[in-house]
Structures are given as structure tokens and as C-alpha cells.
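Some notes on the structure that comes next.
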Amino acid sequence: MLRNMCRCILQQSHGSMQQQTKMVYRLMCSQVTTSVELHVEKEDLGSYYKELNKSLSSKSLAKVQDVVESRLHHPAASTLADLVQFSPDLQRLVALGVSFTEVEKYEGAPDLLASLSYFPQINDMVNLLHSMGIEDVASVINRCPFILGQHVETIKERVLYLSAKKFKRNQISEIVCRCPWWLLEEISEIDARLGAIQVVFELKAKDLRTMTTKSPRVILSDIIRLKEFAFTMRKVYSLEPKQLSRMVTNAPSVSITSRTSLKRRLDFLLDTMEISMEQIIAWPSVLRNRERRIEERHKLLKHLGLAEYDATKAGYVSLQRLVSGKTDVFCSEVAHISEQQYFDFIKTL
């Protein structure tokens, strides 16, 4: 990061060599926190200033970098915010809506962004993402800054691959918005994963596209974990191939639920609540809810005489109504009590 900051000072500053030297010097002063961190004492900055002045007067950027790195064994943990004032390229990213706070969560991302030029590198990628129907490009960059380090033509090829697999334009944009890391995967890797998942769950091509669009992260998950889920549902809970396909198409993320949590939730739904497997298959998202949430709400409804899960009877409560919505909505629309009554009951469990 420090190397890029010095580069920007030299490239963007139009002042004299002496002014440039002072800018770098002030920058270094601001970076000194402890001698332990930087391996340089504050009193050493005087001689350091002279070295910088000599290097800058020779207009040798490489020499300046050598001086910086030789004097600081471990460069300070500078942020992109420190560099913005020197870099119009980073200023344009800020204007686009990119959050450096988010970007800096990824190791190596700050240095990548600091090294790129907005024109043409970043601008071309932004235009490509816009052409894919992605409106909030900044959100994509915030969650996957490394996409800016990719060649535009490479990304185009990966998008064309999805088009060739009959993914619609809106599906492709949804995939990228939900999981931008997709665009960093090689075509051969994605193709192999899609093929394997289609076999594991015996999916039709249309269902595979639906599953991928709804939860692209699942496609990037450990294939062994997906196979274990399929095995458990077939062998332990006796699901037919069509039932399993329907389940993962309706709620793909269920397939990456831990085996222990999956068993606890299914056993409670099937044995305690006496919910049919067909009901679970129709709305499998219930399996992504915490056991505590399911158990507390069920016990409250049972206490109130409202635990009716048979769709043919009056007062029927669907699984979606049982677990969806915040507590206030559940209390008013399903349990017909106040939140305080709800919390008072929970304390008795």
C-alpha cells in the first residue's frame, strides 16, 4: 500500500520536487505509530527525509520505493482512505459507490485497487457489468473486489458460457448479484459442478438453472456435502427422486444445511409437530430456520390451541406462516397475542 501511495504522490502532484518530498515525508510521519510496528524511530525521520529528497530529485520512483521499503521492514497498515486524496482513480470508485471499508475485508484487495487505472481497466469492467443488467455495480465490487483484476474478455467468455447453457439475461444478472465470485471461476470448473449437481439430484436442465439462479453459492459448495444431503434424504427419509429434485429446486440452500441440524429439524417437524414430508417438500425453507424458533412458536400455538397444520381444517397454519416474519408479525397475525405475552410465555419454556 505504501508503495502505491508514493507512486500516486509522484504521478498526481504537480508541485516542485521539494513539495513532493514534503508530501512523502508528511505521509511517512503520519504512518509512524510505534517503533515496534515500523522498526523506525521518529528521530530517524530527519535522515529519512534527506534520503527521500535525494531520491526524488533524481526523479527515480524505483529509488524512492527502495528507500521506503528498506527503512520500513514492515510497512504500516495503511488504508485506501489514506490514498484517495492522491488518486483520481480511487476517487472515481468512491463516486461509483464502492465502500473501501468493505473492500479492505479481503486480503490483497486494497493493493489491487490501488494499482489499477480507472481508464480503461475499471471503466471497461463497470460497463460490462452494466450491460449484463446489473444496476448496483458498486455492491458487486464491494463483495468481490477481485473482479476488477480480471480481464474483461475473460468475464465475457464466462457470461457467454451461461448464455449457451440457456440461462436468461435476468438469471445471469441475478447469479452475479447474489454471488459475484461466480465470475472468478473457470468455465471448466463451473461446467463440471453443474454437471455433477444435475446428476446428484437428478435434475432437469430447467430445474438446474432455477436452482443455480436462486442460490448460486450452492453450486460452489463442497460436492461431497451435497451428495451426503441427497443420500440422507433418500435413504433415511425415503424421498423419491422427483421429491428430492422438487425440494432442492424450491430451496437450494437446504442442501448445504449441516447433517446434524437437518436431522434435528426434520425429526421435530415429523415426529413432534406431525407435519407430513410432502408439506416440507412443498416449503423446504422451513429447514433453514433454527430449531429454537420452530420449537418456541409451535409450543406457543399449541398452548393457545392454534397448532393446526392440516390444510383441510379451519385455522390452518402453514409452515411459512409459522416461521416467517418478525416476532411482532407472528404475534399479531398468527398467534393473535401481544409481543409481551409472547415473551412471557417463552420464559416459561
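Descriptive notes on the structure:
- For segment 316-349, a residue qualifies if it is open to solvent by 60 Å² or more (accessible area, probe 1.4 Å) and touching an Asp or Glu at 6+ places or on another chain (Cβ under 7 Å), and the qualifying residues are Tyr316, Asp328, Glu339, Leu349.
- Enumeration of residues in segment 84-93 that are open to solvent by 70 Å² or more (accessible area, probe 1.4 Å) and in contact with a helix residue (DSSP H, G or I) (Cβ under 8 Å, 6 or more places away or on another chain): Gln91, Arg92
- Members of segment 243-255 found to be more than 24 Å from the chain's Cα centre (by Cα) and free of Cβ contacts under 8 Å to residues at least 40 places away in the same chain, listed by number: Gln243, Arg246, Met247
- Scanning segment 192-206 for residues that are crowded, with 18+ Cβ neighbours inside 10 Å and among the charged types (D, E, K, R) turns up just one, Arg193.
- Selection status of Arg264, over 26 Å from Glu240 (Cα atoms) and either touching a residue at least 12 places away in the same chain (Cβ under 8 Å) or basic (Lys, Arg) (or both): no
- Among the residues of segment 94-107, the ones that are without any contact (Cβ under 8 Å) to a residue 12 or more places away in the chain and either part of a loop (DSSP other than H, G, I, E, B) or surrounded by 14 or more Cβ atoms within 10 Å (Cβ to Cβ) (or both) come to 3 in all.
- Single residue of segment 208-240 satisfying the filter (in contact (Cβ under 8 Å) with a residue 40 or more places away in the chain and over 24 Å from Gln171 (Cβ atoms)) that is most open to solvent (accessible area, probe 1.4 Å): Tyr237
- Residues being under 22 Å from Ile294 (Cβ atoms) and either touching a Ser or Thr at 6+ places or on another chain (Cβ under 7 Å) or among the hydrophobic types (A, V, I, L, M, F, W, C) (or both) - total across segment 223-271: 18
- Restricting attention to segment 192-210, the residues being under 19 Å from Val176 (Cα atoms) and either in a loop (DSSP other than H, G, I, E, B) or of a type in the set (Lys, Arg) (or both) number 3.
- Test: Glu135 is acidic (Asp, Glu) and farther than 14 Å from Ser173 by Cα: no
- Qualifying positions in segment 256-287 - open to solvent by less than 30 Å² (accessible area, probe 1.4 Å) and either more than 30 Å from the chain's Cα centre (by Cα) or at positive phi (or both): Leu269, Met273, Ile275
- Filter result for Arg290 (touching a helix residue (DSSP H, G or I) at 6+ places or on another chain (Cβ under 6 Å), free of Cβ contacts under 8 Å to residues at least 60 places away in the same chain, open to solvent by 80 Å² or more (accessible area, probe 1.4 Å) and not hydroxyl-bearing (Ser, Thr, Tyr)): no
The values are calculated or read from the model by the stated rules, or taken from the named source; none is laboratory data. None of the values given here were measured: they were computed from a predicted structure. Heads up, the Cβs are rebuilt from the backbone with ideal geometry, glycines too, and the neighbour counts pull from every protein chain shown. Ligands, DNA and RNA are stripped out before the accessible areas are found, and what is left, the full protein with its side chains, is counted by its heavy atoms. Shrake-Rupley method; radii C 1.70, N 1.55, O 1.52, S 1.80 Å.
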